[in-house]
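Throughout, read-outs are computed from the coordinates displayed, never taken from laboratory work. The structure presented is a predicted model; accordingly, all values stated were derived computationally and were not measured. Backbone-built Cβ (ideal geometry, glycine too); neighbour counts: all protein chains shown.
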Amino acid sequence: MLLHTTTTPAERRRTFREQLASGRLLRMPGAINPLSARLIQDTGFDAAYLSGAVLAADLGLPDIGLTTSTEIAARAQQTTRVTDLPVLIDADTGFGEPMNAARTVQLLEDAGLAGLHLEDQVNPKRCGHLDGKTVTPREEMARRIRAAADARRDPDFLLMARTDARSVEGLDAAIDRAKAYVDAGADAIFPEALADVTEYEAFREAIDVPLLANLTEFGKTPLLHTATLESLGYNIALYPVTLLRIAMGAVEDGLRTIAAEGTQESLLPRMQTRSRLYELLGYDAYAAFDSSVFDFTLPPGT
Ligand SMILES: C[C@](O)(C(=O)O)[C@H](CC(=O)O)C(=O)O
Ligand SMILES: [Mg+2]
């Protein structure tokens, strides 16, 4: 793979549709940057995710709807360029009125994504696992979805509706909303912040389209095993902020170690090596293209 992926957005959208139709559980970690999306592909995951919480945190911002559709589209394009995997993006509330949601869909289609999800919170939105959320009237969200569905130019671009209603209006209302969102044109449903396995079951029973399970840490939902989700008939196991939490934990530990020990020596066994990084970046493909780019050998152990 030289410079970028050779898989087209259309191919990846078809793959994503086929994966979802297969009935198999897809495992979908959230990338923290384009390079980590390469690693997600390299370690055998099915698809990658771009989290609103991660994109905001990356800019040093809380996840309250401050980022813009053009900002997330630019980041998405950098990511989709370097992976062959289908990538699903968190489009928050669609960034405004239904007309804004429609523009968001087109921007994110152009960014090479396989699909997006829109949620039924009002602005300023918040993490779905926090208390004090407010949801829009059901009909307003249905308008948001219809506008998004009509704006699509590739019918394979996946439109997922997320409902945040479980912790606001209760489980039954959340299921009713999900049904209304499917009627409005949603291809898949993201039931946010379910409390336990019985709630997962109830959603599966009531909804015919693919379902996503959000396995975010330190939230309201148990960290269900993939085997459990498979037996429940869920389609996507999402690890939205997991890589960010792992990386930031390691970065903080590393910084404290250097400050305390005066050298990074003790951290070397925990670091990605230079050779692994070069492997991920595909240096040899560049060497094959132009031998003057990569005409050195790395000393052993680097
Ligand atoms: C999935 C989510 O929308 C995200 O932006 O990644 C967040 C995750 C989180 O804040 O833990 C959410 O669940 O609202
Ligand atoms: Mg989000």
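With contacts taken as Cα pairs under 8 Å and at least 6 residues apart, the stretch 1-110 reaches a relative contact order of 30 percent. Its residues counted as N, the stretch 9-243 yields a C-alpha radius of gyration over 2.2 N^0.38 Å of 0.90.
When the chain is fully extended, how far beyond the present Cα-Cα distance does F218 get from Q106, taking 0.36 nm per residue of separation?
Values: separation 112, 0.36 × 112 = 40.32 nm, distance 3.32 nm.
Extra length from F218 to Q106 when fully extended: 37.0 nm.
Of all DSSP beta bridges confined to the chain, the antiparallel ones make up roughly 5%. Counting only trypsin sites (Lys or Arg not before Pro) that DSSP places in a loop and that have at most 14 other Cβ atoms within 10 Å, the longest clean stretch of the chain runs over 154-302. Divided by 2.2 N^0.38 Å, where N counts the residues, the Cα radius of gyration of the stretch 248-289 comes to 1.59. For the stretch 1-145, the residue among A142, I32, F45 whose Cα projects farthest onto the positive side of the dipole built from Cβ charges is F45.
Pairs of Cα atoms nearer than 8 Å and 6+ residues apart set the relative contact order; for the stretch 9-243 it is 22 percent. Projecting label points 7 angstrom from Cα along Cα→Cβ for V122 and L280 puts them 4.2 nm apart. Charged side chains reduced to their Cβ positions (Lys and Arg at +1, Asp and Glu at -1) give the chain a dipole of some 220 debye around its Cα centre.
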